[in-house]
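Read-outs: derived from the displayed coordinates by stated rules, not from any lab. On a predicted model such as this, the values are computed, not experimentally measured, just so you know. Backbone-built Cβ (ideal geometry, glycine too); neighbour counts: all protein chains shown.
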Amino acid sequence: MPESLSHLGGKTSYPITYSPHLLEAFDNPHPGQDIFTCLESQEFTSLCPITAQPDFARVRIAYIAHLKMVESKSLKLYLFSFRNEGVFGEDCVGKILNDLVALLEPRYLEVQAHFSARGGITITPFANYATPDYMDFKQQRLLQCL
């Protein structure tokens, strides 16, 4: 196990405040390949910034790595750190995208959250990022979400 991965192999303490520093990465063993990796959490929660009521979502993250890949337990802890964060769903998706792009510098990355209905309305924000070589792919993925 690489020494830079501090969350694996020990007792887990769960964060209670938004903490992007929890994210950890490891070297991509196949940087010359376009491996499309999908990670999904069915247990995402945050708080409505107006009412402080909990919002529940299924979050899907997909990316094409360049030199770094996200370590999944660190991602789980990072997503748990939103639990007490008063933030709208669209902002959650934007923060997740920005934090992962800063950590990984991927070729392509997308984040989509399916928030459970509140007041009879579901919210499904989507955001994506691409390097210049992957802009056509980014546009195709965005159009698929419409």
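At-a-glance table
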quantity: Packing-based exposure ordering (other Cβ within 10 Å, fewest first) of 16, 64, 96; calculated: 16, 64, 96
quantity: Cα lying deepest toward the dipole's positive end in the chain, options 31, 92, 65, charges on Cβ; calculated: 92
quantity: Förster radius 41 Å - calculated FRET efficiency between residue 26 and residue 48 (Cβ-Cβ, nearest 0.05); calculated: 0.70
quantity: FRET efficiency, 1/(1 + (r/R0)^6) with R0 25 Å, evaluated for residue 118 and residue 84 via beta carbons; calculated: 0.90
quantity: Normalised contact order of the chain, rounded percent, pairs of Cα under 8 Å and 6 or more residues apart; calculated: 25
quantity: Dipole magnitude of the chain, debye to nearest 20 (Cβ charges: Lys/Arg +1, Asp/Glu -1, about Cα centre); calculated: 360
quantity: Virtual spin-label span in nm between residue 145 and residue 66, 7 Å along Cα→Cβ; calculated: 2.0
quantity: Proxy reagent accessibility, fewest Cβ within 10 Å first, across 116, 81, 46; calculated: 116, 81, 46
quantity: Cβ-defined net charge surrounding residue 110, 9 Å radius [Lys, Arg +1; Asp, Glu -1]; calculated: +3
quantity: For semi-axes √(5λ) of the Cα gyration tensor in Å, calculated from these coordinates, the label among (i) 25, 22, 11; (ii) 29, 20, 13; (iii) 25, 19, 17; calculated: (i)
quantity: Rg to Rh, two decimals, where segment 78-136 supplies the alpha carbon set and Rh follows Kirkwood; calculated: 1.04
quantity: Ranked list, fewest to most other Cβ atoms within 10 Å of each Cβ, for 134, 108, 14; calculated: 14, 134, 108
quantity: Helical contribution to [θ] at 222 nm, DSSP H n ≥ 4, -39,500 (n - 2.57), averaged over the chain, rounded to 500; calculated: -7500 deg cm²/dmol
